[in-house]
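**Q** Have a look at the structure that comes next, please.
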Amino acid sequence: MSEGTNTVVRDVTIVGSGVAGLSAAVYAARADLEPLVLEGPEPGGQLTLTTDVENYLGFPEGVGGMELIQRGKEQAERFGADFRHGTVEDAALEDRPFELELADGDVVRTRALIVATGASARWVGADGEDELMGYGVSTCATCDGAFHRGDDVLVIGGGDSAMEEALFLAKFADSVTVVHRRDELRASDIMAERARDHERISFRWNAELLEIHGSREEGVTGATLVSHPDGHPTEKLDASAAPRAANGIVEETVDVGGIFYGVGHVPNTEFLEGTGVELADSGHLETLEGMTTETAIEGVFGAGDVMDPDYRQAVTSAGTGSMAALDAEAWLESQSVRSGSRALVGPTAQS
Ligand SMILES: Cc1cc2nc3c(=O)[nH]c(=O)nc-3n(C[C@H](O)[C@H](O)[C@H](O)COP(=O)(O)OP(=O)(O)OC[C@H]3O[C@@H](n4cnc5c(N)ncnc54)[C@H](O)[C@@H]3O)c2cc1C
């Protein structure tokens with residue numbers, strides 16, 4: 001056992017405190033499993049980045065992202081979930097109980113593990129995005145598109161995600177401009193064709209987003225774009241101190257009411273590399289076929305955006321979170337039946 005190892009063996013440890021982790025925590029806690037929830041680098045997860053959530057069931061007037069998360073945490077704590085600051089850096093899953101090494105050096109030991117670490121949307125790095133993310137800048141058209149009825153909006157990116165965002169936004173926005181740093185799309189032919197054929201979608205080739213204008217009160221009001229005939233304009237900007245015009249870089253300000261990033265997501269699965277848990281090429285956690293959250297390692301379950309490259313919604317994450325807790329409970333039960341003793345499970349059991 002490594003130094004810093006806690007002798008307590010948990011029944012269930014949930015890695016991540018976004019909607020999926022919280023939903024898993026409510027279910028596991030209500031099953032008397034006293035789950036430990038490791039909150040990770042972003043307590044509350046992605047929903048804490050947004051203002052209004054209008055599509056979560058049960059809130060006809062909408063609900064603030066932060067409020068939804070806070071309520072979920074209170075609900076889980078009420079049934080006995082134990083929250084702790086902590087980011088998992090490494091996992092040893094070949095022996096039992098599993099061991100999770102945290103960034104502060106502590107080691108958590110657990111019989112069942114629910115991975116609910118989400119997937120971080122890639123940001124572009126434009127000036128103003130930190131302040132305006134959730135206030136007119138978004139990484140999710142399905143979530144925030146309806147707030148932009150009648151607006152002119154930008155979509156940043158040139159792959160399938162960007163085309164999906166653009167096509168969805170075209171239902172609400174007056175105009176959708178796809179800003180892409182090259183002069184051809186990376187998207188599949190079918191998606192590219194659909195976007196190209198849409199009357200409200202146009203393209204700005206060889207262009208990039210440099211700065212976002214607006215405020216948290218007003219939302220997004222405009223953007224500065226740069227373009228260069230050979231593409232990748234910001235690289236050329238960074239590489240030379242010469243005046244922009246001398247470099248062939250054209251700068252322009254456009255009036256827009258929303259900006260959507262469609263440049264992909266990175267699932268937070270680094271700590272699972274080499275553990276035996278299967279990861280897709282995209283980095284997403286692979287679960288077994290069928291309606292289950294089980295993974296290639298018995299006792300390890302996945303929930304939320306980390307195992308879902310397609311839907312990426314709060315309500316679907318809550319759904320798979322509850323599934324993971326139920327799957328973990330059933331698995332723990334099967335283990336105690338196999339060993340003939342319930343004494344094996346219990347959060348305060350010593351190694
Ligand atoms: C701006 C924005 C607006 C959105 N609006 C909506 C909306 O209106 N409606 C909707 O349905 N969806 C919306 N979404 C999508 C929704 O937020 C996600 O689908 C949902 O949050 C996914 O939940 P999750 O628990 O799987 O992951 P996340 O919310 O990403 O949470 C992941 C958790 O894992 C933790 N973590 C990560 N790595 C580690 C580690 N190594 N160790 C420990 N913990 C770790 C993080 O700290 C975090 O707590 C929005 C997303 C964004 C970004």
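**Q** For the range 184-241, with only Lys/Arg (+1) and Asp/Glu (-1) charged at the beta-carbon, what is the dipole magnitude about the Cα centre, in debye rounded to 20?
**A** The calculation lands at about 80 debye.
**Q** For a footprinting-style exposure proxy, rank Ile201, Ile259, Ile114 by other Cβ within 10 Å, fewest first.
**A** By the 10 Å Cβ count, ascending, the order reads Ile201, Ile259, Ile114.
**Q** Right, another one. Using the charge dipole of the chain (Lys, Arg: +1 at Cβ; Asp, Glu: -1 at Cβ; taken about the Cα centre), state which of Gly321, Ala28, Gly145 has its Cα farthest towards the positive end.
**A** Comparing the listed Cα positions along the dipole, Ala28 ranks first.
**Q** Whole angstrom only: what separates the Cα centroid of the range 249-321 from the Cα centroid of the range 122-141?
**A** The distance from the Cα centre of the range 249-321 to that of the range 122-141 comes to 19 Å.
**Q** A further question follows. Which percent of Cα-Cα pairs in the range 129-261 sits in each 5 Å bin, short to long?
**A** It works out to 2, 12, 21, 22, 20, 13, 7, 3, 0, in whole percents.
**Q** Which whole-Hz ³J(HN,Hα) couplings does the range 220-235 yield from phi under the Karplus relation 6.51 cos²θ - 1.76 cosθ + 1.60, θ = phi - 60°, glycine and proline marked x?
**A** Calculated HN-Hα couplings, in order: 7, 10, x, 8, 9, 10, 10, 9, 8, x, 9, x, 6, x, 5, 4 Hz.
**Q** Just name one of Phe83, Gly72, Val37: the one whose Cα is farthest towards the positive end of the charge dipole of the range 32-117 (beta-carbon charges, Lys/Arg +1, Asp/Glu -1).
**A** Gly72
**Q** Another question, then. Quick check on the exposure proxy: order Phe147, Phe98 from fewest to most C-beta atoms within 10 angstrom.
**A** Phe147, Phe98
**Q** Same structure, new question: With labels modelled as points extended 7 Å from the Cα through the Cβ direction, what inter-label distance (nm, one decimal) is found for Glu251 paired with Glu211?
**A** In this crude label model, Glu251 to Glu211 measures out at 0.6 nm.
**Q** Here is a further query. Where both partners of a DSSP beta bridge lie in the range 129-261, what percent of those bridges are antiparallel, to the nearest 5?
**A** Taking every DSSP beta bridge within the range 129-261, about 45 percent pair in antiparallel fashion.
**Q** Moving to a separate point now. Neighbouring Cβ atoms within 10 Å as the yardstick, rank His85, His284 fewest first.
**A** His85, His284
**Q** Using the crude model of +1 on Lys and Arg Cβ and -1 on Asp and Glu Cβ, and no other charge, please compute the dipole size for the range 129-261 relative to its Cα centre, in debye to 20.
**A** The dipole magnitude comes to about 200 debye.
**Q** Among His228, His148, His198, determine the one that fluctuates most according to a GNM of the chain built with springs between C-alpha atoms less than 10 Å apart.
**A** Largest GNM mean-square fluctuation: His198.
**Q** A follow-up question, please. Where Lys and Arg each count +1 and Asp and Glu each count -1, what net charge lies around Met66 among other residues with Cβ under 13 Å from its Cβ?
**A** Every neighbour counted, the sum reads -2.
**Q** For the range 1-95, what does the relative contact order come out to in percent, with C-alpha contacts under 8 Å and a separation of six or more?
**A** Taking the mean separation of contacting Cα pairs over the length of the range 1-95, I get 32 percent.
**Q** In nm, give the distance between the simple-model label positions of Asp174 and Gln75, each being 7 Å from the Cα along the Cα-to-Cβ direction.
**A** 4.0
**Q** About its Cα centre, what dipole magnitude does the chain give when the only charges are +1 on Lys and Arg Cβ and -1 on Asp and Glu Cβ, stated in debye to the nearest 20?
**A** 580
**Q** Which value does Rg/Rh take for the chain over its C-alpha atoms, Rh per Kirkwood?
**A** Rounded to two decimals, Rg over Rh is 1.04.
**Q** Considering only DSSP states other than H, G, I, E and B, which GluC sites (Glu not before Pro) in the range 159-242 qualify as loop sites with at most 13 other Cβ atoms within 10 Å?
**A** Those that pass, being in a loop and sparsely packed, are Glu184, Glu199, Glu217, Glu218.
**Q** More than 22 Å apart: what percent of Cα pairs in the range 205-291 qualify?
**A** For the range 205-291, the share of Cα pairs beyond 22 Å comes to 54 percent.
**Q** Among Glu74, Glu34, Glu99, which one shows the highest mean-square fluctuation when the chain is modelled as a Gaussian network with alpha-carbon springs under 10 Å?
**A** Glu74
**Q** Once the principal axes of the Cα atoms of the range 156-198 are found, what is the range along each, listed largest first in whole angstroms?
**A** Largest first, the range 156-198 extends 25, 20, 16 Å along its Cα principal axes.
**Q** Got a sec to turn the phi values of the range 59-76 into Karplus ³J(HN,Hα) couplings, 6.51 cos²θ - 1.76 cosθ + 1.60 with θ = phi - 60°, whole Hz, x for Gly and Pro?
**A** For the range 59-76, the Karplus-derived couplings read 10, x, 8, x, 8, x, x, 5, 5, 4, 5, 4, 5, x, 5, 4, 4, 5 Hz, x marking Gly and Pro.
**Q** Oh, and also: Can you give the helix-only mean residue ellipticity at 222 nm for the chain, where every DSSP H stretch with n ≥ 4 adds -39500 (n - 2.57) and the sum goes over all residues, rounded to the nearest 500 deg cm²/dmol?
**A** -7500 deg cm²/dmol
**Q** Over the chain, what is the percentage of antiparallel beta bridges among all DSSP beta bridges, to the nearest 5?
**A** Of all bridge pairs located within the chain, approximately 50 percent are antiparallel.
Here, each number is a calculation from the coordinates, and none is a lab measurement. Just so you know, these numbers come straight off a predicted model, no measurement behind them. Because the Cβ atoms are built from the backbone with ideal geometry, glycine has one as well, and the counts that use them run over all protein chains shown.
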